[in-house]
Amino acid sequence: MKVQVQEVSPIERRLEIEVEPKVVQEELTRAYASLSRQVKIAGFRPGKIPRRILEQRFKDEVEPDVLRRVQMKAFLDAIVEHKVDAVSDPHISAGKLDLSAPYQFSVRVEVKPKLEKIDYSGVKVDDHDLKVDDAKVDEQLEKLRQGRTELKPVEGRDAAKEGDFAMIDFTATHEGKEFPGSTGENVTVEVVEGQLVDAHIKQLEGQKIGETKEFNYTFPADYRVEEMKGKTALFKVTLKELKAKQVPALDDSLATSMGMESLAKLKERVKGDMERAEKQKALNDEREQLFKALIEKNKFEMPKSMIERGVEMMLESTLRAVARGGVDPRQLGIDLEGFRAELRPKAEQEVRGQLLLEAVANEQKIEVSDQDVETKLESLAAENGAALSQVRKAFRGEDEKAGLKNRIREEKTIAFLKHQAK
């Protein structure tokens, strides 16, 4: 096989490839032999159909398929042999097949840009206060306590008061006629000031269980039911049941219900979680600052395919997160093309930043040792409260190992740049 590599641009190469006739002939022989065993033609046994018969019937299907396989294998061999760092699918211009002559074709492919002598002078990184004070911890504990609020039946009274949650049946009419959504049974609303469409009905205050009350309500101008926008309806509401919020005390019992030994242990865990979150936020902010600064100082052409791959990765990550939350992304009616357009600037910044960090790491000969990997695994185990053996197991696969090493190398490179900034 003969290969000529031409530089079309810093991010594109053209490969002129020539494959020996024997290679194509052997591939055609294998293809027709396989076809002979698969097809049925009257008068011939499977595997014994003459090639000339197969060529007469299937040549227009077999030859293009064979040429695609020849092209792809030759292309892959060529980029390995000539160290072409391809980052896109190949665009192949096919040649004509002549079994008496070498098969020639050309390929255009985007390549990873080569970055050298990265300018990181004057790059600055903001300092971050990673301390989590007691007030913030107490605020988070209060959120956890409120999150454990339960609705309990009201005892000792039968009249609604402000702040109660009421179960009601209702009917409504506009000019004596019903409208979409004008009836409801066993609906829970809150007895507070606000909009009825938000399930807030202050008018229930003082109403007793079993009683029916009438009042007028004017719908907002942007109400979802077209014919009731800005219109007034007469509501008849029957109060069926009253419930009140019951917020648990901030004590050891609450901690125990959350799987902790005591309130002190719960506070300790909450503070640790908040500190880790602050640290991660700081790391993300520093990374973004470095990316923006490096990109501003170092201009280079970017392969579109790398940006689009970054967009797809971000899109898939977002949709997976939505699915983990128990929502089917297909039911959200997301405009995927519009969403891709929104993600593209961020994806480009991410890909450019990663390339620049990699170039700095190469320039500074930043490597990842076995000890670096072991330290990182121990850190991940401690942060997640998991056994080290389980964390090691999670990174046992080759892809996982490679991903972890890339992550460590990036962190070491960012640490180097932060040190230079100081």
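Computed from the coordinates by the stated procedures, all read-outs in this text should not be read as laboratory data. These numbers were taken from a predicted model, which means no experiment stands behind them. Reconstructed Cβ throughout: ideal geometry from the backbone, glycine too, with neighbour counts over all protein chains shown.
Pairwise Cα distances in the chain exceed 37 Å for 58 percent of all pairs.
Working from Cα positions, state the angle (0 to 90°, nearest 10) between the long axis of helix 21-38 and the longest principal axis of the chain. It is inclined by approximately 60 degrees. Site pair residue 295 and residue 367 shows an inter-label distance of 3.2 nm when each label is modelled 7 Å from Cα along Cα→Cβ. Computed from the C-beta positions of residue 6 and residue 129 and an R0 of 60 Å, the FRET efficiency is 0.65 to the nearest 0.05.
For residue 55 and residue 312, what does the FRET efficiency come to when R0 = 45 Å and r is the distance between their Cβ atoms, rounded to the nearest 0.05? Intermediate results must be reported in sequence, preceding the final value.
Details: r = 42 Å, r/R0 = 0.92.
E(calc), rounded to 0.05, equals 0.60.
Each other residue within a Cβ distance under 11 Å of residue 410 adds +1 if Lys or Arg and -1 if Asp or Glu, for a net charge of +3. Dividing the Cα radius of gyration of the stretch 254-421 by its Kirkwood radius returns 1.02 for Rg/Rh. For the stretch 138-151, 3J(HN,Hα) computed residue by residue from phi via the Karplus equation (6.51, -1.76, 1.60; θ = phi - 60°) reads 4, 4, 5, 4, 5, 4, 5, 5, 5, x, 9, 4, 10, 9 Hz, glycine and proline entered as x. Near the amide H of residue 154, within less than 5 Å, lie the amide hydrogens of 242, 243, 244, all on another chain or at least 5 residues away, with H placed in the peptide plane. Between the residues 41, 88, 103, the greatest Cα displacement towards the positive end of the dipole of the stretch 2-110, with unit charges on the Cβ of Lys, Arg, Asp and Glu, is found for 41.
Taking the C-alpha atoms only, the angle from helix 336-363 to the longest principal axis of the chain is near 60 degrees. The C-alpha atoms of the chain define a longest principal axis, and helix 51-81 lies at about 80 degrees to it. Using the charge dipole of the stretch 254-421 (Lys, Arg: +1 at Cβ; Asp, Glu: -1 at Cβ; taken about the Cα centre), state which of 262, 420, 408 has its Cα farthest towards the positive end. It is 262.
Over 28 Å between Cα atoms, which of 124/376; 131/376; 245/281; 279/304; 292/365 qualify? Don't skip to the answer; put the middle values down first.
Details: 124/376 26 Å; 131/376 23 Å; 245/281 35 Å; 279/304 33 Å; 292/365 23 Å.
In this structure, 245/281; 279/304 exceed 28 Å between Cα atoms.
Centre-to-centre, using Cα atoms only, the stretch 1-60 and the stretch 155-213 are separated by 77 Å.
The calculated 222 nm mean residue ellipticity attributable to helices in the chain amounts to -16000 deg cm²/dmol, summing -39500 (n - 2.57) over DSSP H runs of n ≥ 4 and dividing by all residues. Overall size of the stretch 92-155 from C-alpha positions, given as principal axis extents largest first: 96, 50, 11 Å.
Which FRET efficiency value, to the nearest 0.05, is calculated for residue 247 and residue 89 with the Förster distance at 45 angstrom and r the Cβ-Cβ distance? Working shown, then result.
On the way: r = 58 Å, r/R0 = 1.29.
Once rounded, the FRET efficiency stands at 0.20.
Panel note: the C-alpha atoms of the stretch 41-87, placed on their principal axes, show extents of 52, 18, 15 Å (largest first). Fewest neighbouring Cβ atoms within 10 Å first, the residues 201, 414 line up as 414, 201. Rounded to whole numbers, the Karplus 3J(HN,Hα) couplings from phi for the stretch 186-200 are 6, 8, 9, 10, 10, 8, 8, 5, x, 9, 4, 5, 9, 6, 10 Hz, using 6.51 cos²θ - 1.76 cosθ + 1.60 with θ = phi - 60°, and x at Gly and Pro. Its alpha carbons give the stretch 178-317 an Rg and a Dmax of 27.2, 75 Å. With a simple spin-label model that places each label point 7 Å from the Cα along the Cα-to-Cβ direction, the separation between residue 114 and residue 401 comes to 3.0 nm. The amide H of residue 132, built 1.01 Å from its N in the peptide plane, has no neighbour under 5 Å, considering only residues 5 or more places off or on other chains. In sequence order, the stretch 154-162 has phi-based couplings of 6, 10, x, 7, 10, 9, 6, 10, 4 Hz under the Karplus curve 6.51 cos²θ - 1.76 cosθ + 1.60, θ = phi - 60°, and Gly or Pro positions carry x. Let me test this: with uniform point scatterers at the alpha carbons of the stretch 2-110, what is the Debye-based log₁₀ I(q)/I(0) at q = 0.17, 0.24 1/Å? Relative scattering, expressed as log10 I(q)/I(0), comes to -0.80, -1.24.
Could you give the distance between the Cα centres of the stretch 322-360 and the stretch 224-253, to the whole Å? If you average the Cα positions of each part, the centres end up 38 Å apart.
Placing unit charges on the Cβ atoms of the charged side chains and taking the dipole of the chain about its Cα centre, the candidate lying farthest along the positive direction among 21, 128, 71 is 21.
How big is the equivalent ellipsoid of the stretch 382-422 along its three axes, where each semi-axis is √(5λ) from the Cα gyration tensor, reported in whole Å from largest to smallest? Write out the running numbers ahead of the final one.
Values: eigenvalues 140, 40, 4 Å².
Working through the eigenvalues yields semi-axes of 26, 14, 5 Å.
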